[in-house]
Amino acid sequence: MTAAKPAMQRLRDAVNEVDFNRFRFWFQITAFILFVYGGYLAIDLGSKLPFFSCGYNREGRAGVCYLLPLQHQLGRNWAVLFSMASLTILTGFLTFAAWFIVLNKGWCGFVCPLGTLQDWISALRRRLGIRYANYTQGQFAQLTKIKFVLLALLILIPLGIGGGLFSHDMSPPFCLICPARMVLPLFTGDLSQFTIDFSSKTAVVMTALGISVTALFFVGSFVKKRFFCFFCPMSALHYLISKPALLKLKKDGSKCTRCGDCYAVCDMEIKEIADDVKTTNIMTDDCTMCLKCVASCPETGALKATFVGIPIFVSTETGFIKRMNKGCQHGK
Amino acid sequence: MTSLNRLFALLFLLMLSGSLFAEPSEAQKAEWRARREAAGGEAPSEAQRAEWRARREAREASAKADESKPTVVANEERIHPTSGKSAPVPELSHDHGAMGSRPAADKGAVKPEEAARPSGRPAGMGMRGGGGAIWLSDSPPSRGDGAGRGGMGGMMGMGGMAMGGERSGPPSKRLWMRAGSDPQKSGFAREDADAQNETLIVRPQGPLDGEALAPPADGKKNLAFEMPVQGYYRVYASSRKLQGETLNISVAKAEIANFSHGGDEEERAQALTAPRVLDSAPIEIVREKAADEKMFFQLKSGDEQAFVVLQKGLPLQGARVRFVSHEGWSKEAVSDEQGRVSFQVIRDYFPAWDDFKKRFKASYLIIAEANAAEKGVFKDQPYSNVRYQATLAGNYYPSPDDYRSYAWGLGIGLLIVLFSGTAVYLYRRRRVKPFQEVRFDDGR
């Protein structure tokens, strides 16, 4: 008769063998309801959130994405911007970093309402039996740079607006083209963002661009998993400050057999997750930390998520088999 | 596929071009004329057209004459439009001056306010300067109003008032006392030695019955005060003057919303629900807040806005209340048993499309008047009637409905969805390789 396992070990086994997709689905739906409808319950988590809890969702939002106040603050008149008054930019960034540091890019994979929406659109495509699209490695290498370009523009254009180089009708530039501005208010019955602003030529261009990007978002998300996340400047900003984050994705290359299961389930098509057997911190700039790679890994201890160095979700052979026996959960 | 592409490109280019904002073509005008006639509308007669033409020409001639003259404010100081510094100017008569008098050529263009004014009584009682209503404005006469200058605070109903103050200090506010019933053309109110004047300010965390506000110093014309905490700041400039047997009491009120995203949330929440009435005011207009009104409220053209007329904090029934728009159009109504009166803010901002500014800050003015057979003594002189007048100014902005289009937005979105969806479908179809059966001959 084998000795009973310690309670902690039993808990770890339960977590590692969890029906991960179901857990993630419910986690995402809870987060979506919280951040899209939480405002109706007077929930307000501030304006420095590290994901797209869109500020344009005026009634329902439970907090505001940091990119909105950041662009407003950078768009101040230069005389104000380069004065002590701009200490608020620093304090704002520190607040944002404090939020971010907790979940790292897990905010993207588990909490971001726009990411969740893309997952739901992908689920719809899967149910319709339509195959998903992949980028070639060449395309991937080019597209992955776009988010950094957008991040640079997101900072430079407001600075130009504050200096009088660009029209105020361009402010806030990224929000005007972000699909979250149009899509998330829809869930509270607000269609007002689906308009073209004819008050100036700049406004016409920016609003037309916003509508176009949103239309492409719907089509792109339907054929490509996490389509918009490749271009998301918030993802780029996350990556730049991700070093001190508490949640980490780690890989033990010595246990990896390079079977490619993790790559097959990765929504972002990150090849390094399968190929790289040297790097320990395996999170890349495109990673959304959805942890599907950990759930699909058959090698015990090869991939794991840690929080402050403590493993909280580890790949195990038993967990892999359990999940596989549940049916086709991954890779579609 | 190619034609769809072309159609989309054509529509997009059309939208981006300035052609949408161009003057209507002759063909368009002819179409409108035909539509109007088909709808039973009568075309204006030649005599009417001639009259309109004459008025327009007279107006243009007057405008040209005005441009050639220096801007002068009667018996006041001229405020330099950019520096804000004042310089004394000689007392001169002028065409569009302080009391809302109009150029001779403009008198033909009758505005509703003039037609509706009862019994030839002047628009206001003129206890400070010349016959106009006294009101508190957030801009001096020479500056006028226009596109918002930024800033978060504002008179009730609009943001973007002239906020000032040292960058390191609290925000400050300046208000100008103006006389006249036209928000654009009213000049400075002049001091009247015979009148008894008092100015009070009610701060968010100050005494409910207000504190005296220091009069303008150093020859300046504006009332200035700091706004260190968030909330509504109310200024009451009251004046009493005896004219014959009638005591004229006027109360010009300004309400300034000072809110920001930062700061103490509890302080902000308290300020949003705090009472906005001065119980000791002989007459007062209170702008009614909508139930769902947020702290950065902006009144838009087309909105319905209610006001309540109060006397010593109680509703005043039967007061004549006049709403005057930025362009001087007005409407009069009588307050009901709750002292309430409601107006729809008309759209009166019609610039050429290239000059349109969606942040254009227009001013409105509310004037409430009531008479009462009250006897008393003022400055040792008896009176048998009291004429009350209250004013409240505010700002409003163009309605988004004036410059935003759902049809274009949804149309462009739908086109791109169809175009890109079709492109993806065709791309995938092209890559599908036809089925080819491969037979292996194992017998060989």
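Read-outs: derived from the displayed coordinates by stated rules, not from any lab. It should be emphasised that the depicted structure is a prediction, and the values quoted were computed from it without experimental measurement. In this analysis, Cβ positions are derived from the backbone assuming ideal geometry, glycine residues included, and neighbour counts consider all displayed protein chains.
Brief remarks on what is shown
- Rg and Dmax, both from the Cα atoms of the stretch B:122-402 and both in Å, are 18.1, 60.
- Here the simple spin-label model places points 7 Å from the Cα toward Cβ, and for A:ILE312 and B:ASP380 these points are separated by 8.5 nm.
- Simple spin-label estimate for A:TRP120 and A:ASP19 gives 2.1 nm between the two label positions (7 Å along the Cα-to-Cβ direction from each Cα).
- Counting only DSSP beta bridges with both residues in the stretch B:122-402, the antiparallel share comes to about 90 percent.
- Residue with peak Gaussian network fluctuation, chain A [Cα springs, cutoff 10 Å], from A:SER192, A:SER53, A:SER167: A:SER192
- For the stretch A:246-325, the alpha-carbon radius of gyration amounts to 0.97 times the rule-of-thumb value 2.2 N^0.38 Å expected for a compact globular protein.
- Once both labels are positioned 7 Å from their Cα atoms along Cα-to-Cβ, the gap between A:VAL277 and A:THR88 label points is 5.5 nm.
- Over the stretch A:125-196, the alpha carbon radius of gyration divided by the compact-protein estimate 2.2 N^0.38 Å works out to 1.54.
- Simple point charges give the picture: +1 on the Cβ of Lys and Arg, -1 on the Cβ of Asp and Glu, and for the stretch A:246-325 a dipole about the Cα centre of about 320 debye.
- When B:VAL308, B:VAL229 are sorted by how many other C-beta atoms sit within 10 angstrom of their C-beta, beginning with the fewest, the order is B:VAL229, B:VAL308.
- Counted by neighbouring Cβ atoms within 10 Å, the residues A:PHE230, A:PHE35 run from fewest to most as A:PHE230, A:PHE35.
- For the options A:LYS243, A:LYS225, A:LYS251, a Gaussian network treatment of chain A with springs between C-alpha atoms closer than 10 Å singles out A:LYS243 as fluctuating the most.
- For chain A, a Gaussian network of Cα nodes joined below 10 Å ranks A:PHE187, A:PHE228, A:PHE313 by mean-square fluctuation, and the top entry is A:PHE187.
- The stretch B:376-444: radius of gyration and largest Cα-Cα distance (Dmax), Å: 39.6, 134
- By the equivalent-ellipsoid construction on the alpha carbon gyration tensor, the stretch A:23-238 comes out with semi-axes of 28, 21, 18 Å, ordered largest to smallest.
- Ranked from largest, the principal axis spans of the Cα set of the stretch B:219-328 equal 53, 38, 32 Å.
- Shown is the FRET efficiency for A:VAL80 and B:VAL438, computed with R0 = 45 Å from the Cβ-Cβ distance and rounded to the nearest 0.05: 0.05.
- Proxy reagent accessibility, fewest Cβ within 10 Å first, across B:ILE285, B:ILE346: B:ILE346, B:ILE285
- Excluding same-chain neighbours fewer than eight residues apart, the lysines reachable from A:LYS201 by a Cα-Cα span under 16 Å are B:LYS357, B:LYS358.
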